[in-house]
Amino acid sequence: MSEIEQGAQQGADGLPPEGLDWRDGVIPVSRRFDDPYFSLHDGLAETRHVFLAGNGLPERLQDGFRIAELGFGTGLNLLALQLAWAGTGRPGTLRFTSFEAYPMVADDIARALAHFPQAEAVAGPFLSAWASGARRFDLPGIEVEVIIGDARDTLPRWAGMADAWFLDGFSPAKNPELWSPAIMAEVGRHTAPGGTFATYTAAGHVRRALTDAGFQVERRPGHGRKRHMTAGEKTAGRT
């Protein structure tokens, strides 16, 4: 099977995502969105800077803590969270829910994760579950659910709540549907009091939509060559 055939999946709109290109042989780039799945400048470091530190993690992690994500991609954020949680030595189980419209196949995910030895070292159970077709599975200390489909449909129907959000879809310029005011309002609606979000983008319309969704939003230093990122906390009394 060719790389394009391996990368092609049935998308939420009934169309294939038109496969993957591989930059420098290791970085998957979506042909549908013409956007890489992770930073060209050490995606694991970006995950730790933006999504973990941006949400005050791992310090806030405790038994029962709930993380939600827009854009599962290669699962790199999940594995970074697994490493961070294990590093705390605390007992208990986290709950991780991700929304993904165009899931990658396991072979492509494994190829991408090979670029990150720390993540690859713990990726075996995740890759085995994913290759089997499981979208609900357990990793050490984490209960995982990946909800497949267009988040415009699946997120409003989700009954869960999050204490922290990883907003990691393709860039707002390439995938505006995932950053619409309606989606950001759903993020706010599914955030617990005192909950947080973090994202690599500092686009003004995204910040305004998140403010309208009930978050106190701030622009912070970004990772690598990105000057800024955005993070915020759910304002008391806003629903």
Check segment 87-94 and report whether any residue there is open to solvent by less than 20 Å² (accessible area, probe 1.4 Å) and modelled with pLDDT of 95 or more.
yes
Can you find, within segment 161-201, the residue that is nearest to residue 64 (Cα to Cα) among those that are at pLDDT 95 or above and in contact with a Ser or Thr (Cβ under 6 Å, 6 or more places away or on another chain)?
162
Could you tell me whether any residue of segment 55-65 is open to solvent by 10 Å² or more (accessible area, probe 1.4 Å) and either modelled with pLDDT under 95 or of a type in the set (Asp, Glu) (or both)?
yes
Of everything in segment 139-154 that's within 28 Å of residue 182 (Cα to Cα) and without any contact (Cβ under 8 Å) to a residue 60 or more places away in the chain, which residue is most open to solvent (accessible area, probe 1.4 Å)?
152
Is there a residue being in contact with an Asp or Glu (Cβ under 9 Å, 6 or more places away or on another chain), of a type in the set (Val, Ile, Thr) and part of a helix (DSSP H, G or I) anywhere in segment 58-71?
no
Filter segment 93-113 down to the residues that are in a loop (DSSP other than H, G, I, E, B) and touching a helix residue (DSSP H, G or I) at 6+ places or on another chain (Cβ under 8 Å), then identify the one that is farthest from residue 72 (Cα to Cα).
105
Within segment 66-74, is even one residue open to solvent by 40 Å² or more (accessible area, probe 1.4 Å), at pLDDT 95 or above and in contact with a Phe, Trp or Tyr (Cβ under 9 Å, 6 or more places away or on another chain)?
yes
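Rundown of residues vs (1) under 15 Å from the mean Cα position of the chain (by Cα); (2) of a type in the set (A, V, I, L, M); (3) over 20 Å from residue 200 (Cα atoms), yes/no style:
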position: 58; (1), (2), (3): no, no, no
position: 64; (1), (2), (3): no, no, yes
position: 76; (1), (2), (3): yes, yes, no
position: 85; (1), (2), (3): no, no, yes
position: 91; (1), (2), (3): no, no, yes
Does segment 114-136 contain at least one residue that is out of contact with any helix residue (DSSP H, G or I) (no Cβ under 7 Å at 6 or more places or on another chain), surrounded by 18 or more Cβ atoms within 10 Å (Cβ to Cβ) and at pLDDT below 95?
yes
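The values are calculated or read from the model by the stated rules, or taken from the named source; none is laboratory data. Everything numeric here is computed off the predicted structure, so don't read it as measured data. Quick reminder, even Gly has a Cβ in these numbers, built from the backbone with ideal geometry, and neighbours come from all protein chains shown. Each accessible area value is taken on the protein alone, full model and side chains, heavy atoms only, with ligands, DNA and RNA left out. Shrake-Rupley method; radii C 1.70, N 1.55, O 1.52, S 1.80 Å.
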